[in-house]
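J.: The structure follows.
Please treat every number below as a calculation from the coordinates, not as lab data. Keep in mind that this is a model prediction, so the values were computed, not measured. Positions of Cβ are backbone-derived with ideal geometry, glycine not excepted, and every protein chain shown enters the neighbour counts.
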Amino acid sequence: MKNIEQWFKEQNWNAQTFQKQCWKAYTNGQSGMLHAPTGSGKTYALWGGIVEEMSRSKIPPKGLHALWITPLRALGVEIQKATQKMLNDFSPSLLVGLRSADTPQSQRTKLLKSPPFGLVSTPESVHVLLGNSNHQKYFKHLKVVVVDEWHELLGSKRGVQVELALAYLRSIIPGLKVWGISATLGNKELAREILLGPTANFTVVEAKIKKKIHVQSLLPKTMERFPWRGHLGIHLLPQVLKIVQKNKSTLIFTNTRAQCEIWFHGLLDSAPELAGSIAMHHGSIDKKIRLWVEESLRNEAMKVVVCTSSLDLGVDFSPVESCIQVGSPKGVGRFIQRAGRSGHQPKAGSSIYFLPTHAMELI
């Protein structure tokens, strides 16, 4: 019988200490929190334990076994592909489904009638499932709920949705395991208490990995005429263009969809040769285009993508060499998270440029 460490060796990977700790804790029936930097292998640290438990069981799994909650649709696609890849090598007949606002109605109906082994979903879609009249039957085989990017959900309305869903699922499923995954958390103990609830059977796994982040600021040539507020940073576009042209692939993060569109058109007007290798990515863009942009980034077919927070969590684009943050990211945690889109591999460093749009951000 194949185990998870053998599978890692087959991929020419070395299992890291924190991954082994998660597999062991999961096998022992514990809930827990995993803290590890972006791009270090957090998904397989949890999914490995779930798959190994399934492969050791003498009874073939029935119904929905694992629920994976993620805050972003793009991240959901990424997790579904990664987890299905591993599951195929252990039990090819089992599937990992994906349910979000992008999922067609026909696929939603199929997922409801025939629950997959694993389901990747958003907080909103989980509540839709819980609102179904047959939800207790649907969730009766559930063993574990994994909440990805807990730092992003904690303290928000969507975080409260997750807390309510977990409280209800615990009430109907005795012994349900709950795991949280995070890269950037301030008060880790409070975050764990809120997610795991009143349980004594838990563990906290902390990856002893130092992620190197190289930060550079893009400064105007003269400070005297730098605007005080209300600008979008377009006057520094020539400096951004130099970075884009020297890199294989660059992500430019903006804070609003309007700013995203302005920067996209500004870059294209200044460098028409980018046509075909530049794209936009935000929540209002059609699903097919967003998926095409994400796949093009992975395949090194896209030189630059101007985006909003739609791409700042957990998404693995290994070819991305640098990120550029236009304006304040509204928090150090988010800045670190966005930096992690470059060098998204274990032990790789990340590079991010900060572009101030007005004098207060410059300070």
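J.: Quick one: which of 352-361, 6-15, 45-54 comes out on top by average Cβ neighbours within 10 Å, and what's the full order, highest first? Each step should come with its number before you reach the end.
T.: Numbers: 352-361: 19.2, 6-15: 12.6, 45-54: 23.7.
Going by the mean number of other Cβ atoms within 10 Å, highest first, we get 45-54, 352-361, 6-15.
J.: Using packing as a proxy for protection, rank 143-154, 71-82 so that the peptide with the highest average count of other Cβ atoms within 10 Å comes first.
T.: My ranking of the peptides, most packed first, is 143-154, 71-82.
J.: Also, I was wondering about something else. Can you tell me, using C-alpha contacts under 8 Å and at least 6 residues apart, the relative contact order of the chain as a whole percent?
T.: With pairs under 8 Å counted, the relative contact order is 20 percent.
J.: Oh, and also: What do you get for the angle between helix 73-90 and the principal long axis of the chain? Use alpha-carbon atoms, 0 to 90 degrees, nearest ten.
T.: Rounded to the nearest ten degrees, it is 40.
J.: Going highest first, how would you order 183-189, 100-106, 290-296 by mean Cβ packing within 10 Å?
T.: Ranked by mean Cβ neighbours within 10 Å, highest first: 290-296, 183-189, 100-106.
J.: Let me ask something else about it. How big is the dipole moment of the chain about its Cα centre under a simple scheme where the beta carbon of each Lys and Arg is +1, that of each Asp and Glu is -1, and everything else is neutral? Debye, nearest 20, please. Present the calculation step by step, with values, prior to reporting the outcome.
T.: Values: 45 positive and 27 negative charges, 135 e Å.
Dipole about the Cα centre, nearest 20: 640 debye.
J.: I need the shape label for region 4-206. Rule: rounded when a/c is under 1.5, else prolate if a/b > b/c, else oblate, with a, b, c from the alpha carbon gyration tensor.
T.: rounded
J.: Another question, then. Toward the positive end of the charge dipole of the chain, about the Cα centre and with charges on Cβ (Lys, Arg +1; Asp, Glu -1), which of Thr308, Thr199, Phe226 goes farthest?
T.: Thr199
J.: ³J(HN,Hα) across region 135-141 via Karplus (A = 6.51, B = -1.76, C = 1.60, θ = phi - 60°), whole Hz, x for Gly/Pro?
T.: Per residue, the Karplus-derived 3J(HN,Hα) values read 5, 5, 5, 4, 9, 5, 9 Hz.
J.: Hey, rough spin-label estimate for Gln11 and Arg257, points 7 angstrom out along Cα→Cβ, what's it come to in nanometres?
T.: It works out to 3.4 nm between the two label points.
J.: Another question, then. By count of other Cβ within 10 Å, fewest leading, how are His141, His65 ordered?
T.: His141, His65
J.: Further question: Per-residue HN-Hα couplings for region 160-177, Karplus 6.51 cos²θ - 1.76 cosθ + 1.60 at θ = phi - 60°, whole Hz, x for Gly and Pro?
T.: For region 160-177, the Karplus curve yields 5, 4, 5, 4, 5, 4, 5, 4, 6, 4, 4, 6, 9, 10, x, x, 5, 8 Hz.
J.: Also: Multiply the residue separation of Lys85 and Gln239 by 0.36 nm, subtract the distance between their alpha-carbon atoms, and state the gained length in nm to one decimal.
T.: Values: separation 154, 0.36 × 154 = 55.44 nm, distance 4.04 nm.
Roughly 51.4 nm would be gained on extension.
J.: For region 232-338, what's the radius of gyration and Dmax over Cα atoms, in angstrom?
T.: Taking only Cα atoms of region 232-338, I get Rg and Dmax of 12.6, 35 Å.
J.: What is the distance, in nm, between label points placed 7 Å from the Cα along the Cα-to-Cβ direction at Lys246 and at Ala167?
T.: Taking the simple label geometry, Lys246 and Ala167 are separated by 5.3 nm.
J.: Moving on to the next point. Got a sec? How would Tyr138, Tyr44 order by Cβ neighbour count within 10 Å, fewest to most? Don't skip to the end; give the middle numbers.
T.: On the way: Tyr138 19, Tyr44 24.
Listed from fewest to most nearby Cβ atoms, that is Tyr138, Tyr44.
J.: Quick one: which residues, 5+ away or cross-chain, put their amide H under 5 Å from the amide H of Ser342? H built at 1.01 Å from N.
T.: Answer set, sorted by chain and number: Ser351.
J.: What is the order of Ser270, Ser322, fewest Cβ neighbours within 10 Å to most?
T.: Ser270, Ser322
J.: Could you tell me what a quarter of the Cα convex hull surface of the chain works out to, in nm² with one decimal place?
T.: Approximately 18.8 nm², given one-decimal rounding.
J.: May I ask for the angle, rounded to the nearest 10°, between helix 237-246 and the longest principal axis of the chain, with both axes built from Cα atoms and the value confined to 0 to 90°?
T.: For 237-246 against the chain, the angle is about 60 degrees.
J.: Do the sum for the chain: with -39,500 (n - 2.57) for every DSSP H run of n ≥ 4, divided by all residues, what is the mean residue ellipticity at 222 nm, to the nearest 500 deg cm²/dmol?
T.: Taken over the chain, the calculation gives -12000 deg cm²/dmol.
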